[in-house]
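Engineer: For reference, the structure I am asking about is given below.
The values are calculated or read from the model by the stated rules, or taken from the named source; none is laboratory data. Keep in mind that what you see is a predicted model, and the values were worked out from it rather than measured. A quick note on method: Cβ atoms are made from the backbone with ideal geometry, for glycine too, and the neighbour counts reach across all protein chains shown.
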Amino acid sequence: MLRSVRMIFVCLFLLGLFSADASVLAQARNASAANSRTAAAKCSGAWTGTIRYTRAQSMSDSKTVDRVSGRGRDTTRSEMQYQYTANVGVVGSPDGGSSSRGRASISHRFTATETTNAVEKNSCDRGKTWRDMHGTFTSQTQTSASQQTEANVSVGVNADGTYAVSVGLPQIQGETTGLQTSSFSGQCTPKEGKTLTMPSTPTTVDGNSLTTDGTHRINPSDPNRISGSYTRTWQNVTETISWNLQKCGADLRITDLRFEEMKFPNWNDWAEIAEQRGTIDGNLVKIKVDVLNTSGETKYADIKLKETYKGDKWDGARPDGLLEGGEISVRVDPGESREVEMVWDSSGYSWYDDGRPRLLQRIKAELEENGKKTDEMTKNLKVAPKPVVLVHGLWSSWHAWESWQNILTTSHSYDWKAFPVGERPDKGVMNTGGAFMSTGPTNSIAENARELEKYIKYAQEDRNAWHVDIVAHSMGGLISRYYISQIMPTDSPDGRPKVARLIMLGTPNMGSPCADVMNLAFEVVGKQVEAVRQLQQDYVAGFNRINTARKGVKFSVLAGDPLPTMCKSVVWNDGVVSVPSAIWQIKDNARSKSLHTDLTGTADFSSFVKPRLAIGPKGNHNPDPPELPQFPGHISLLRTDPGDGFDPRRRYYGASYRAEATPRERAPFAKWEHLEQGETREIEMPIEAADDLGMTFMANSAISVTLIDARGNEAASQKAGSPESFGIFRSIYIGRRTEPGTWRIRLENTGTLPAAAMLTKWTNAR
């Protein structure tokens, strides 16, 4: 019992000590917090930092009026653009009180343009014939100004914690220039246009002012720092004021960190990057840092611009890294706000070096004075991958790429954009033959390349991207090569080609023997199919002799090799293009077990396409150096030099073969058959003695084809719905000697719609 009483007494004693200590500690903490609040409240110095004011205004109008003669019209379009920007450094007053003063760097640009297009129908032969005569008249006035001057700034804080920020900017001096031009066409007597230039004239640019609406509120936990923005829009004018102000801050500090990029296609036309949109991998980014000196003496400091991983889910422990060229020395005079900048190459920063997507790039600016860090600021910059322009092939359209936006989104984010040529017909649409087996008109490779040119420009404008990647399937690779060699400019201002990389999937870079076979068959039945003609081996050989320039674009090619034979050739192929034809002279190549039409699938994207597009900062982003061809000219898969021991006539299925055809078969076997829904039909096919037999045909996947030999036995077949049935050129190969006789071809339309089939045969494959 006594022991229990003693234990209770000891516990009460210890509890009393603990309570006393806790009370003391609590009092100390409360006193510390009170002192802290008192210290914050006692900070009665002036607000210092930066204020940024912008005013933008634009107007446009267009009207058309009939000419007095009644035979024409005048269309006048007028545009006005007004842009005013002031960056204000806010420092304390010289007397050391609580008032602030501002030093503004103001830039102003005003442009007014009026263009009139006049057209009138007149006669040069007294009314026998009439023609349109045109005149274009343009008048442009521009006022520009740039000046540093004092500015009025104030911050009014209310008892309830709300505050208002005000800035007033004075008049500044500028200059006005003008230009008038005229041009004419269609006149009976040629009329020369004129250009008149108005000399520079001094002018005055009005000042501006703006006060916020007073609804912003000071954060009680940080009462000595305020930041925010306010925008007012009225009629067609937008004014914005943003501020970052502090009381009792360091004498030398960073007040702003921001990013700019050039607006495509205007080189050196810099504009601030919106945080939500970000920039595009490969664009040059101007990093700007504002340094403010609130002291009364000149300061010398160093700015270090770094990439930081702090806060990153996977790489938060990685140390900060200095950006290339990211160390800048700066002198800041008393009361001065000084802007320093560097141009940073964003190439690779949409990815990590291991291929993972990088959704945000964090840029940190550190300020050092005498080797000691005095301030820092970090901001996020979103860097999206380059847009991917997708170029379809023979008898196809943009629908071949419909799944690719989802593929790109899941591989990175929705900011990785796919641009299948033709999805927006107003931006460019190719014609590679229309629907499967269509015999309608087709664009040439050159004409389709011009459509590709327009679509690349659309992708660049839509994403503000100075560079794009191209992924092309089948004939799309030839179209892309033509664009690069013949159309793409070589004078890129940053020294890098507009197309960073061309990835070709199953492109017939040396043509396709199936195109040779089927083009002749089409001619026999009286049909002209330009898309097939352009894939013939001799046609592509000529193409290769002309289109040799790569202009620094990195080339890659994926060749399909699931099949061992194709038209007149025993060679690994994808059903349309042989492996040697796809690889051609391209060093970066790989093989796939996919058929030709499956090369655009997810598996080949993951294994081949993405690793060549998802290149991190340490990867090679420089243009490919020019290289000599691995071999001169074009080497056909079907060699014709007589020294190789083979009969050239057997290896080229083209005009020369037809000219030397045996009297028994003046023209090759060729049939165009039309089958109704569910119809089965058999066709006789004469067979001569040969070392082997092959049949190539074109039909949709709902048609089954069976070869029946002269004895009535099934020799081979290709069933509807099989993987091979989805190919453009479908082939059946009998790898044994055949004797003269009559074979039969059984066609079965298992589909629900009528369908056509084009058939031909060949022998003596090599």
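Engineer: Taking the condition under 30 Å from Cys43 (Cβ atoms) and modelled with pLDDT under 95, does Ser209 pass?
Structural biologist: Considered against the rule, which asks whether it is under 30 Å from Cys43 (Cβ atoms) and modelled with pLDDT under 95, Ser209 comes out as no.
Engineer: Need the failing condition index for Met377 against (1) under 22 Å from Val340 (Cβ atoms); (2) without any contact (Cβ under 8 Å) to a residue 60 or more places away in the chain, just the number.
Structural biologist: (2)
Engineer: Considering the stretch 373-427 alone, what residues qualify as being over 30 Å from Val532 (Cα atoms), more than 16 Å from the chain's Cα centre (by Cα) and among the hydrophobic types (A, V, I, L, M, F, W, C)?
Structural biologist: Within the stretch 373-427, Met377, Leu381 meet the criteria.
For (1) closer than 30 Å to Ser295 by Cβ; (2) part of a strand (DSSP E or B); (3) among the small types (Gly, Ala, Ser), each residue gets a yes or a no:
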{"site": "Gln57", "(1), (2), (3)": "no, yes, no"}
{"site": "Thr75", "(1), (2), (3)": "no, yes, no"}
{"site": "Asn87", "(1), (2), (3)": "yes, yes, no"}
{"site": "Gly97", "(1), (2), (3)": "yes, no, yes"}
{"site": "Ser105", "(1), (2), (3)": "yes, yes, yes"}
{"site": "Arg109", "(1), (2), (3)": "no, yes, no"}
{"site": "Thr115", "(1), (2), (3)": "no, yes, no"}
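Engineer: Going by what's in this entry, would Ser485 be described as within 22 Å of the chain's Cα centre (by Cα) and free of Cβ contacts under 8 Å to residues at least 60 places away in the same chain?
Structural biologist: no
Engineer: Just the residues that are over 29 Å from Leu284 (Cα atoms) and among the hydroxyl-bearing types (Ser, Thr, Tyr), please, taken from the stretch 459-518.
Structural biologist: The answer is Ser474, Thr507, Ser512.
Engineer: Further question on the same structure: Give me the residue from the stretch 392-426 that is among the polar types (S, T, N, Q) and farther than 25 Å from Phe436 by Cα and, out of that set, surrounded by the most Cβ atoms within 10 Å (Cβ to Cβ).
Structural biologist: Ser411
Engineer: With the structure loaded, tell me whether Asp222 is more than 25 Å from Gly178 (Cα to Cα) and either in contact with a helix residue (DSSP H, G or I) (Cβ under 8 Å, 6 or more places away or on another chain) or exposed (fewer than 14 other Cβ atoms within 10 Å of the Cβ) (or both) or whether it fails that test.
Structural biologist: yes
Engineer: Condition first: outside any loop (DSSP other than H, G, I, E, B) and farther than 22 Å from Val553 by Cβ. Now tell me which residues in the stretch 593-606 satisfy that.
Structural biologist: His596, Thr597, Asp598, Thr602, Ala603, Ser606
Engineer: Which of the strands (runs of 3 or more DSSP E) contained wholly in the stretch 235-298 include at least 2 residues that are closer than 25 Å to Ala500 by Cα and of a type outside the set (Ser, Thr, Tyr)?
Structural biologist: Values: elements: 237-246, 252-262, 270-272, 284-293.
Ranges flagged: 252-262, 270-272, 284-293.
Engineer: Right, next: Please pick out the residue among Glu175, Glu192 that is surrounded by fewer than 15 Cβ atoms within 10 Å (Cβ to Cβ) and within 30 Å of Cys124 (Cβ to Cβ).
Structural biologist: Just a single option satisfies the conditions, and that option is Glu192.
Engineer: Could you list all residues from the stretch 88-133 that are under 30 Å from Asp251 (Cβ atoms) and of a type in the set (Val, Ile, Thr)? Show your work before the answer.
Structural biologist: Residues of the stretch 88-133 under 30 Å from Asp251 (Cβ atoms): 88-107.
Once the filter is applied, which keeps residues that are under 30 Å from Asp251 (Cβ atoms) and of a type in the set (Val, Ile, Thr), the stretch 88-133 yields Val88, Val90, Val91, Ile106.
Engineer: Just the residues that are buried (at least 24 other Cβ atoms within 10 Å of the Cβ) and out of contact with any strand residue (DSSP E or B) (no Cβ under 7 Å at 6 or more places or on another chain), please, taken from the stretch 467-491.
Structural biologist: Selection gives Ser474, Met475, Leu478, Arg481, Tyr483.
Engineer: Inspect all residues belonging to the stretch 87-106 and state whether any of them is hydroxyl-bearing (Ser, Thr, Tyr), out of contact with any Phe, Trp or Tyr (no Cβ under 9 Å at 6 or more places or on another chain) and modelled with pLDDT of 95 or more.
Structural biologist: No.
Engineer: On to the next question. For the stretch 110-133, how many residues are in contact (Cβ under 8 Å) with a residue 24 or more places away in the chain, more than 22 Å from Lys63 (Cβ to Cβ) and of a type in the set (S, T, N, Q)?
Structural biologist: Selection size over the stretch 110-133: 1.
Engineer: Is it the case that the stretch 512-530 has a residue that's within 24 Å of Phe605 (Cα to Cα) and crowded, with 24+ Cβ neighbours inside 10 Å?
Structural biologist: Here is the first cut: in the stretch 512-530, the residues within 24 Å of Phe605 (Cα to Cα) are 512.
Imposing the further condition that a residue be crowded, with 24+ Cβ neighbours inside 10 Å reduces the set to 512.
Looking through the stretch 512-530, at least one residue is within 24 Å of Phe605 (Cα to Cα) and crowded, with 24+ Cβ neighbours inside 10 Å.
Engineer: Then there's this: Here is a list: Val609, Val576. Which entry is among the aliphatic types (A, V, I, L, M), in a helix (DSSP H, G or I) and surrounded by 23 or more Cβ atoms within 10 Å (Cβ to Cβ)?
Structural biologist: Every option except Val609 fails the conditions.
Engineer: How many residues are over 26 Å from Ser474 (Cβ atoms), in contact with a strand residue (DSSP E or B) (Cβ under 8 Å, 6 or more places away or on another chain) and at pLDDT 90 or above when one looks only at the stretch 750-766?
Structural biologist: 2
Engineer: Another one. So the check is Cβ under 8 Å with 6+ separation or different chains; which pairs have a first residue in the stretch 351-370 that's closer than 19 Å to Glu324 by Cα and modelled with pLDDT under 95 and a second one that's in a loop (DSSP other than H, G, I, E, B) and among the charged types (D, E, K, R)?
Structural biologist: Once the first residue is closer than 19 Å to Glu324 by Cα and modelled with pLDDT under 95 and sits in the stretch 351-370, its partners that are in a loop (DSSP other than H, G, I, E, B) and among the charged types (D, E, K, R) give Tyr352/Asp315; Tyr352/Arg358; Asp353/Lys618; Leu360/Lys382; Gln361/Lys382; Arg362/Lys310; Arg362/Asp312.
Engineer: Among the numbered criteria (1) aliphatic (A, V, I, L, M); (2) assigned to a loop (DSSP other than H, G, I, E, B); (3) crowded, with 21+ Cβ neighbours inside 10 Å, which one does Ala449 miss?
Structural biologist: (2)
Engineer: Taking the conditions exactly as written (of a type in the set (D, E, K, R) and either under 19 Å from the mean Cα position of the chain (by Cα) or on the phi > 0 side of the Ramachandran plot (or both)), does Asp538 satisfy them or not?
Structural biologist: Against the criterion (of a type in the set (D, E, K, R) and either under 19 Å from the mean Cα position of the chain (by Cα) or on the phi > 0 side of the Ramachandran plot (or both)), Asp538 does not qualify.
Engineer: Let me ask another. Let me spell it out: the conditions are (1) free of Cβ contacts under 8 Å to residues at least 40 places away in the same chain; (2) under 35 Å from the mean Cα position of the chain (by Cα); (3) surrounded by fewer than 18 Cβ atoms within 10 Å (Cβ to Cβ); (4) in a strand (DSSP E or B), and Arg331 meets all of them except one. Which number is the exception?
Structural biologist: Only one criterion in (1) free of Cβ contacts under 8 Å to residues at least 40 places away in the same chain; (2) under 35 Å from the mean Cα position of the chain (by Cα); (3) surrounded by fewer than 18 Cβ atoms within 10 Å (Cβ to Cβ); (4) in a strand (DSSP E or B) is unmet by Arg331, namely (2).
Engineer: From Ala164, Ala145, Ala151, Ala159, which residue is assigned to a loop (DSSP other than H, G, I, E, B) and either without any contact (Cβ under 8 Å) to a residue 60 or more places away in the chain or surrounded by 15 or more Cβ atoms within 10 Å (Cβ to Cβ) (or both)?
Structural biologist: Only one candidate passes the filter, namely Ala159.
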